[in-house]
């Protein structure tokens, strides 16, 4: 009956590697019926970390799991009195059952969880498979991360003080999180391009510009795509009421084509999106290339005195601060 009316509590020794010492975890298994989960707040005051085991093979109940994770993190933060997200405890998510053929890959899990964990300063997602004799090979790296995070916490009173620079909570991070959430709900790429061609996009902002470049380059390749982007943007700016007062900027357009194309080169080629929504590859692109969300990125390459000139608006002008990123041909972008 204990499993029906309360929580299972066990102290375990988690596997670690290298020179790390033993990691003893007293774990509260918050399972069972959802009616008893609110009772967890009575035990959350001493929480040092949250370890969330996610069934990567269960897409049907994934929304419920995400909601419960959000509620759990809020409960822990409320009970601990964490007034700022940077003070939050480490959160380790184990994307389990990776041995199953239909399990969600790590990138898909990260995309789904982005709006919950994206702004947290100390959070990590690890793929695990806890069956067979080789399960330690997937579990140990995750526990190494948790050990290091908790050690920082013990040494500095707040793990976020040391880890925050790695995953900051500045406006750019918040913007990226909102972009990933927006892209997961956006229309499929085919419909998006049709709206672009018909000068009928719902918004005209930096997110839209980056998605235009990404979708056209991915669909048509660099050579043809560049021409379609230039012609399409020029037409849109001339005819859409959304762009009143704006003019087509050749150098700025070329700059963002180069940046987006460079980011596409960095995306690994071994990800299969057959089992996810059609436009999730753009969400993944954003997660792997967060710099594209920075609308002022051009300032790293150009001074205003160069890029804001009439000459730069009318034709391509080379950067005066440092060269644009080099492009390495990859099969992912068809020529």
- Message: For the pair residue 71/residue 106, report the inter-label distance in nm, with labels modelled 7 Å from Cα in the Cβ direction.
- Response: 3.0 nm
- Just how far, in whole angstrom, is region 50-122 from region 170-212 if you go by their alpha carbon centroids? 25 Å
- By the C-alpha gyration tensor axes a ≥ b ≥ c (rounded if a/c is under 1.5, else prolate when a/b exceeds b/c, else oblate), the shape of region 172-314 is prolate
- Stretch residue 296-residue 200 to full length: gain in nm at 0.36 nm per residue minus the Cα-Cα span? 32.0 nm
- What is region 172-314's relative contact order, in percent, from Cα pairs under 8 angstrom and six or more apart in sequence? 35 percent
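Just so you know, all these numbers are worked out from the coordinates, no wet-lab data involved. Small disclaimer: the values here were computed from a predicted structure and weren't measured. FYI the Cβ positions are ideal-geometry reconstructions off the backbone, even for glycines, and counts take in every protein chain you see.
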